[in-house]
Amino acid sequence: MTVSAPVVSDIASGSRRLWALRERSLGWLEELLPTLAAILISLLLFGVFVALAGQSPLAVYAEMYRGAFGTWFSIQNSLLRAAPLMLTGLCTALPARLGMIIIGGEGALVVGGLAAGAVTIPLHGAPPAVVIPAMMLASMLAGGLWIGAAGALKILRGVNETISSLLLAYIGIALFNHLVEGPLRDPASLNKPSTPDIGEANMLGNLPGMDVHWGLAFGVVMCLVCHLLMEHSVFGFAARMVGGNPRAARLSGLGVPRLVILTCCIAGAAAGLAGMVEVAAIHGKANASLLAGYGYAGILVAFLANHSALGILPVAVLLGGISASGGLLQRTFGLPDAAVNVLQGILFVVLLGSQTYRGRVKLRRSPR
Amino acid sequence: MSDPTVTLGLWGVPLAILGGALRVSAPFLFVSLGECITEKSGRVNLGLEGTLVMGAMSGYGASLWSGSPWVGVAVAGAVGAAFGALHGWLCGRPKVNDIAVGIAMMLFGIGLAFFLGKPLIQPTAPRLPALSLGFFSDIPQVRSALQVNALFLAGVVLAPCLRWGLLRTRWGLILRTVGESAEAARAMGYDVNRVRLWATVAGGVLAGIGGSFLSLFYPGSYNEGLSSGQGLMAVALVIFARWDPVRCLYASLLFGGATALGPALQSVGVTSGYYLFNATPYALTLGIMILSSSAKRTSVDLPAELIAQR
């Protein structure tokens, strides 16, 4: 009796494919385990904290889940908050691939939102098909300029990008306050100084079938595009090479300055777009409501996602959920709204502590 | 409220800036001295902004609870030590990035202070007493501008002491050795991580005390907008001061004056660019960083271990 040769090879290649799949998923799990463990440990620590504050941790967690993902309404609320987090997360994640720590996303968001609000003033009466792209473009230009400046200062003068990006954020916020209180102020906005209303027609509508605006689509598309850019393009390959070994990158003839500044511009453009989304989908004008801390939370998003553009998607939804549940915690348990910030802070600290175990978790048998 | 313009005219502006420099510079001074110690050991703690806010909150709370502002200062220092210890311990583990941990500690500290500080926004705690250095003058504006605080004077004395300590004592030498070459320090038998841990703790203590100054002397109450990046600017200031405690003192006075510019101009009726003037200290920091950095070479005063890790 003979078994025909092709069948044997089919079985062999099938099992080999299965083996490869197993290897790959175990590899992923090895990467993910420290992060998952960090999330679990921080939830435990936050539980202790909540218990010290006199509340039952289990009840608080149950309520948080309800407020974040428990109902269709809360899921939509979480997604609403995830949209800007995806974009501000990119602002830290992209430069991090080149070995730079940028923390000024809040500034890029604010100037982006301001530019989006301001550009509608001269375009008054133009059709939405003109105004909305103009708002997107203006916000991305402004945000790109802001973070691009931090990148350029790094290249030209060796200025520490972490500090300069945060200083630029403070300067951007001061400029924002100056313009919104002064030259760009809508005289009709009495209690809360704002730029003039962008007009109902120019607002970003909701995605079909849900109460979530198009900003979510912007965030998802930007993350996907940045993923392709960083992982599957020559540009991304060069950028990651700069992050791995700047000297080698320079020696192999890569234009490091161009790569750094361009990446910072793209990162800033993403955060600027987040400002436009907030203005054009939620507030309808640029005012102090833009300063909601999305820029700072984006730093945590990027680190939790290990600076992967694709990883930002689930992390932003998770953190959006945590932030959405903040109000409920305040109403139900009387916990200050800063409880969410405490949880985020614990999460961030524990996550960085867990980096020490990165690469030390072994699920696969090491090759002989 | 006293208005310097009444008798002094435009002279009120430099006077208000001087007064502001004396009042506002203390948090800059304490945080930058603390960061100076930490960076001399070869590590950066970007989280001192969080420590500053935690110090302000805990100092205010302790002063309120005990009735003595000096207890508040002590508690703020202790809280700062705890934050420094956490940072130092985490960064002592392999593969943990000190800059990133600093950012995390900043967000954690601010969040925790906002959470715990909610009940402290309303009540009034006993404040630190002021010393009048303007006794020679009859002009009330001069007198009020020269109201300084004992804590600030302590900082002024601490700066040269610290410089002397770093240069001339055994501890200072060990600290600088660890910061210049961890290899050499290890070869001499010193535990590099332990030295850095203590340097970060010391930095945390000073930053915490600086925070208590914010809530217990000037502005002298607790609210969530108390610190707007002073802790972070102080870290940048250390680079500008080239890791020298005495130059940290001068730089702090300069920054204090810059922070007082907006309110000083407002007091003489220049209100149009009020929000822009608020950006002065940030723009000044950035400008100084641009001028004092270079893409080609690193400052000779930079602790060598800070380059080695990058």
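Any read-out appearing in this document is the output of simple, stated calculations on the displayed coordinates, not a laboratory observation. Nothing here was measured: the structure is a model prediction, and the numbers come from that model. A quick note on method: Cβ atoms are made from the backbone with ideal geometry, for glycine too, and the neighbour counts reach across all protein chains shown.
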> If only one of B:168, B:163, B:127 is surrounded by fewer than 22 Cβ atoms within 10 Å (Cβ to Cβ) and closer than 22 Å to residue B:44 by Cα, which one is it?
Replying inline: B:163
>> I need a count of the residues in the range A:332-358 that are more than 8 Å from chain B (Cβ to nearest Cβ) and over 24 Å from residue B:116 (Cα atoms).
In response: 2
> When the range B:268-302 is examined, which residues are found to be assigned to a helix (DSSP H, G or I) and either more than 7 Å from chain A (Cβ to nearest Cβ) or hydroxyl-bearing (Ser, Thr, Tyr) (or both)?
Replying inline: B:274, B:275, B:277, B:280, B:281, B:282, B:284, B:285, B:287, B:288, B:291, B:292
> Can you tell which of B:104, B:81, B:100 is of a type in the set (A, V, I, L, M, F, W, C) and more than 14 Å from chain A (Cβ to nearest Cβ)?
Replying inline: B:81
> Do we find that residue B:46 is within 30 Å of residue A:354 (Cβ to Cβ), within 12 Å of chain A (Cβ to nearest Cβ) and surrounded by fewer than 24 Cβ atoms within 10 Å (Cβ to Cβ) in this structure?
Replying inline: no
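Residue-wise test of (1) touching a residue at least 60 places away in the same chain (Cβ under 8 Å); (2) within 23 Å of residue A:204 (Cβ to Cβ).
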position: A:285; (1), (2): yes, yes
position: A:291; (1), (2): yes, yes
position: A:296; (1), (2): yes, no
position: A:328; (1), (2): yes, no
position: A:331; (1), (2): no, no
position: A:348; (1), (2): no, no
position: A:358; (1), (2): yes, no
> When the range B:83-98 is examined, which residues are found to be on the phi < 0 side of the Ramachandran plot and in contact with a helix residue (DSSP H, G or I) (Cβ under 6 Å, 6 or more places away or on another chain)?
Replying inline: B:83, B:84, B:85, B:87, B:88, B:90, B:91, B:92, B:93, B:94, B:96, B:98
>> Out of the residues in the range A:150-166 meeting the condition of being buried (at least 21 other Cβ atoms within 10 Å of the Cβ) and touching a residue at least 12 places away in the same chain (Cβ under 8 Å), tell me which one is farthest from the other protein chains (Cβ to nearest Cβ).
In response: A:151
> Does residue B:172 count as in contact with a Pro (Cβ under 6 Å, 6 or more places away or on another chain) and of a type in the set (Gly, Ala, Ser)?
Replying inline: no
> Could we say that residue A:79 is assigned to a helix (DSSP H, G or I) and in contact (Cβ under 8 Å) with a residue 12 or more places away in the chain here?
Replying inline: yes
> Taking into account only those residues within the range A:167-200 that are over 22 Å from the mean Cα position of the chain (by Cα) and among the small types (Gly, Ala, Ser), which is farthest from the other protein chains (Cβ to nearest Cβ)?
Replying inline: A:199
> How do the pairs read when you match residues in the range B:174-192 that are at positive phi with residues anywhere that are in a helix (DSSP H, G or I), using Cβ under 8 Å and keeping only pairs 6 or more apart or on different chains?
Replying inline: none
>> Consider the range B:22-56. How many of its residues are more than 15 Å from the chain's Cα centre (by Cα) and in a helix (DSSP H, G or I)?
In response: 1
